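Let me begin by presenting the structure, written as structure tokens, before commenting on it.
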2 protein chains.
Amino acid sequence: MDDHGNSPSLDIAIIGAGVVGVHVALGLLHRNIPFTIYEQSSRLKEMGVGIGVPSIIIESMTALHPDTAENLLKVSNVLNNVNVVNGSSDEDLKLRPADRLYDVVIEPFEFRGAHRGRLLDGLLPIIPPGRVRLGKHLESIVDRGDGEKLVLQFSDGSTAEADAVIACDGIKSRVRQILLGKDNPASLPHYTHTSIYRGLVPLDKISNILGNLANCAVQYIGQGASMVTYPIVAKDGVYVNVAAYVHDEEDWPDSDYMTSVGKRQDVEAAFAHFGPSVKELVKTLPEELNRWALFDSHDHPLSSYAFGRVVLAGDAAHASTPHHGAGAGMGIEDALVLATVLKKAADSLVSAQGSASKHKSLEAAFRAYDSARRERSQWLVTSSRHIGVSAQWRDPEIGGDLDLYAKDFTERLHKLMNYDWKDALMRATDEFERQSELKGE
Amino acid sequence: MDDHGNSPSLDIAIIGAGVVGVHVALGLLHRNIPFTIYEQSSRLKEMGVGIGVPSIIIESMTALHPDTAENLLKVSNVLNNVNVVNGSSDEDLKLRPADRLYDVVIEPFEFRGAHRGRLLDGLLPIIPPGRVRLGKHLESIVDRGDGEKLVLQFSDGSTAEADAVIACDGIKSRVRQILLGKDNPASLPHYTHTSIYRGLVPLDKISNILGNLANCAVQYIGQGASMVTYPIVAKDGVYVNVAAYVHDEEDWPDSDYMTSVGKRQDVEAAFAHFGPSVKELVKTLPEELNRWALFDSHDHPLSSYAFGRVVLAGDAAHASTPHHGAGAGMGIEDALVLATVLKKAADSLVSAQGSASKHKSLEAAFRAYDSARRERSQWLVTSSRHIGVSAQWRDPEIGGDLDLYAKDFTERLHKLMNYDWKDALMRATDEFERQSELKGE
């Protein structure tokens, strides 16, 4: 017992049972730190969305909780290389010989892709019964001061107590809104002025236009727009998944609804400066398409992810566009640092034999997490945006130079991969010690 | 009716219901050419073997039979890039930073991998009932002369007639033995003096030795040996599949048995000149391993794949080591050319209104197939061997120069990919016309 009468054991609330929340939970489980996940949905439903992570993250997941590494390998496949074709060329692309399909090749770091639902299905059974509470939509967090637990108030009228809160509630984080207030622009994600029009076209239609390129994963880049295509298998046949990245200068009406119905004619207009092959491809799209607006946290980055005993992780802290293919990986990196510093905090409470303030120890842990993670995760948001812009030849330095584009992209991938997670954990624990001494009583 | 009283329609016997035989059958089915497959096994069992093909083959499979292209996309996954690490370096490989895992990168053409059994399971239902005869082990082929059908004699005492025979009976082809006689060394495949020792090691064991490299597909090359590792998921956990390619100067006792039990100590001896990390990895292998001898047709290439009205396709014609990852693809390319020239032959019989000799037309078709396919498929056998040798630093020009190795490998991949299948079909049909005129009566 410390001098406030609390048991030194920690009781952590995790907001959100998505990919990041569940990985945080398993990191705590592996370290015997008690937690409860509060999820606003009334059931753990599968979201039909794919996520991508660099394969090198698997090693650090073993440190988080060995089952998370194993699960990722089980449910993921190696992703296609996305190699680049100049979509603005006047060439008839279907005539390209098979050994000269691409104009430039991005250095092929290995990535893995998984269906979000399948990833979670493999992990949720590991969490002990009762540790996930569904239908818990957070209304507010009441801080009753030093020594008292935080009180979470939910829309259903119920409350819960916790020593600390880890918000993994995604791009539209309720916790971020509570912490910053609705008038703060950083409380919401903002439209990046790019949206993705997605459509499926039968493979044979695309083969007639693109030849061999139809069967491979290809990124077409060009003036003012870009596109990724790859074959996928559906129940009734094989299709090419077409994702057209379209830039606009409009506002997006409502961040609550990030998807809408898009029109093929808008895609045609966006690809007006492309060559005949890509234009013909666009004509094969259905007249009405799913349109998915890309929002991120780029314009209003947070100055800290730590707010006392409340902390933000994953998209709640640093929502990114998908151009790097590493958003989910950033959240998993967050989870490992959080689990590590919270273990340090728990150990310090035990070794201090009740003399340390739990409150201050948790604050120190979250500040240490912030110092270890903020720069890298905000870099990703910026770098991903940059890749999206340069793929549309809107970057003034890169312009339409495909070699420069590939060089720049490859350098960014090197920076993404060049993350020494063991060193990051050491820096975080050092910072925890430093913060604990600063604030120690 | 021609002047021998035969109907001009063709009746083709396909020997072997493996990947190549089934693709040949579907090519004929798509062109309304009657066929029967004779398979020696009493049931169509799944072979637990993976095959790899370049993704660009999908376009030509659409021409073979659209369902074959669709099936490949359904049952295959994109393969990992195999990037190269100098296994002989004294470096502790687990300390490599994640953005410098590989020493050289092979240009990443897209390949797809499939389980042979799953591939066939998707195709066999398309073949009409009764067209596959099981338990038919071929003993001999009797040629009764011009105008008469060939007679196939099977071990069960039964016989069957056919206008022509396409042998797709694999590396140990019975048809090749019948055609060449057992004393001809080309009738059998020969040992390449390389065998693969395969073992599974739990991922965490390898992670302790190789760090990040354990989670990616890596080719370790070095003095006298080479190794490929990649993670795989089994029912009871995640393992690293280790395939150690070991060179020897011994003979292989019996080509009927290409697998045996290998000993870890032999692998240790083979990797004696490697660095500490790879040596430590070898020590984690089980004491007894599956050992798979690599045989091919390199030392005794055939001077023709066409023997009158009998023709060889796939491994029966050109058995290759697996270093190119393209053996199955060659057989599928064969199938498309065979189906195309046989369609020409069938059309010529109809248009000639019975005046052409079916016998001579089939011979012309098979000679045309041979002229279109032999050079490329024999090049693959040679090139695949070369890659295997150079990965073990046994090529005098490449030696231990990893950049030269990558450059050479990449050039070979370019040649593999640079196959204009439409042009090949045109050349084959032109050659068919030429051969038909030469031999026409």
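The values are calculated or read from the model by the stated rules, or taken from the named source; none is laboratory data. The structure presented is a predicted model; accordingly, all values stated were derived computationally and were not measured. Positions of Cβ are backbone-derived with ideal geometry, glycine not excepted, and every protein chain shown enters the neighbour counts. The protein model used for the area step is the full one, side chains on, heavy atoms only, and it has no ligands, DNA or RNA in it. Shrake-Rupley method; radii C 1.70, N 1.55, O 1.52, S 1.80 Å.
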Q. Once the Cα gyration tensor of chain B is found, what semi-axes does its equivalent ellipsoid get, as square roots of 5 times the eigenvalues, in whole Å, sorted largest first?
A. 43, 21, 20
(Q) Only four residue types carry charge here, +1 at the Cβ of Lys and Arg and -1 at the Cβ of Asp and Glu. Report the dipole size of the stretch B:191-296 about the Cα centre in Debye, rounded to the nearest 20. (A) 560 debye
Q: Compute the label-point distances linking B:ASP156 to its equivalents in the other copies; points lie 7 Å from Cα along Cα→Cβ; give nm, one decimal, shortest first.
A: 6.5
Q. In the structure shown, do any of B:LYS358/B:LYS422; B:LYS74/B:LYS358; B:LYS74/B:LYS235; A:LYS235/B:LYS172; A:LYS343/B:LYS94; A:LYS136/A:LYS358 have a Cα-Cα gap over 31 Å, and if so which?
A. B:LYS74/B:LYS358; A:LYS235/B:LYS172
Q. Roughly how many whole Å is it from the C-alpha centroid of the stretch B:246-305 to that of the stretch A:298-348?
A. 48 Å
(Q) What aspartates and glutamates does A:LYS344 reach when the alpha-carbon gap must be under 14 Å and sequence neighbours fewer than 8 apart in one chain are set aside? (A) A:GLU363, A:ASP430, A:GLU431, A:GLU433, A:GLU437
Q. Leaving out ligands, DNA and RNA but keeping every protein chain, what accessible area does B:SER361 have, in Å² rounded to the nearest 10, with a 1.4 Å probe?
A. 10 Å²
Q: With no solvent and one equal point scatterer placed on each C-alpha of the protein assembly as shown, evaluate the Debye formula and give log10 I(q)/I(0) for q = 0.06, 0.10 Å⁻¹, two decimals.
A: -0.48, -1.14
Q.
Report the Cα centroid-to-centroid distance between the stretch B:206-222 and the stretch A:122-193 in angstrom, as an integer.
A. 40 Å
(Q) Counting heavy atoms of the protein chains only and a 1.4 Å probe, report the per residue accessible area for chain B as a whole number of Å². (A) 40 Å²
(Q) What distance in nm lies between label points placed 7 Å from Cα along the C-beta direction at B:THR410 and A:THR159? (A) 6.6 nm
Q. Measuring from label point to label point, each 7 Å out along Cα→Cβ, what is the A:GLU437 to B:ARG144 span in nm?
A. 10.0 nm
**Q.** Rounded percent of accessible protein surface that carbon and sulfur make up, the stretch A:191-296, 1.4 Å probe
**A.** 47 percent
Q: Treating cross-link reach as a plain straight distance, find the aspartates and glutamates whose alpha-carbon is under 19 Å from the alpha-carbon of A:LYS415, omitting any fewer than eight places away in the same chain.
A: A:GLU59, A:GLU107, A:GLU110, A:GLU333, A:ASP334, A:GLU375, A:ASP403, A:ASP423, B:ASP99, B:ASP103
Q: Name the helices (complete DSSP H segments) of chain B with a Cα length along the long axis of 18 Å or more and a Kyte-Doolittle mean of at least 0.0, or state none.
A: B:327-351
Q: Would you work out which of B:TYR305, B:THR321, B:VAL53 lies farthest towards the positive end of the dipole of chain B? Charges go on Cβ: Lys and Arg +1, Asp and Glu -1.
A: B:VAL53
Q.
For the interface of chains B and A, what total accessible area is buried with a 1.4 Å probe, rounded to the nearest 100 Å²?
A. 3300 Å²
(Q) Per DSSP helix of 4 or more residues, -39500 (n - 2.57); summed, then divided by the residues of chain B. What does that give at 222 nm, rounded to the nearest 500? (A) -12000 deg cm²/dmol
Q | Area accessible to solvent at A:LYS360, 1.4 Å probe radius, in Å² | A | 60 Å²
(Q) How far, in nm to one decimal, is B:LYS415 from itself in the other copies if the label point is set 7 angstrom along Cα toward Cβ? Shortest first, please. (A) 4.1
Q: May I ask you to evaluate 6.51 cos²θ - 1.76 cosθ + 1.60, the Karplus curve with θ = phi - 60°, for each residue of the stretch B:286-296 and list the ³J(HN,Hα) values in order in whole Hz, giving x for glycine and proline?
A: x, 5, 10, 10, 6, 10, 10, 6, 8, 10, 7
Q: Give, in whole angstrom and from largest to smallest, the semi-axes √(5λ) of the equivalent ellipsoid of the stretch B:191-296, with λ running over the eigenvalues of the Cα gyration tensor.
A: 24, 16, 11
Q. In percent, how large is the relative contact order of chain A, given Cα pairs closer than 8 Å and 6 or more residues apart?
A. 20 percent
Q.
Looking at the stretch B:292-441, I'd like the Rg to Rh ratio, where Rg is from alpha-carbon atoms and Rh is Kirkwood's inverse mean 1/r.
A. 1.09
Q | Within straight-line cross-link reach of B:LYS263, lysines at Cα separation under 24 Å, skipping those fewer than 8 residues along the same chain | A | B:LYS205, B:LYS279, B:LYS283
Q | Label zone at A:LYS74, where the point sits 7 Å out along the Cα-to-Cβ direction: the stretch A:120-144 residues whose backbone N lies under 16 Å | A | A:120-128
Q. To one decimal in nm, how far is B:LYS235 from the same spot in the other copies, if labels go 7 Å from Cα toward Cβ? Please give the shortest first.
A. 2.9
Q: Give the carbon-plus-sulfur fraction of the accessible surface of the stretch B:31-160 in %, rounded to a whole number; probe 1.4 Å, heavy atoms of protein chains only.
A: 47 percent
**Q.** Cα-derived Rg to Rh of the stretch A:377-441, Kirkwood definition
**A.** 1.27
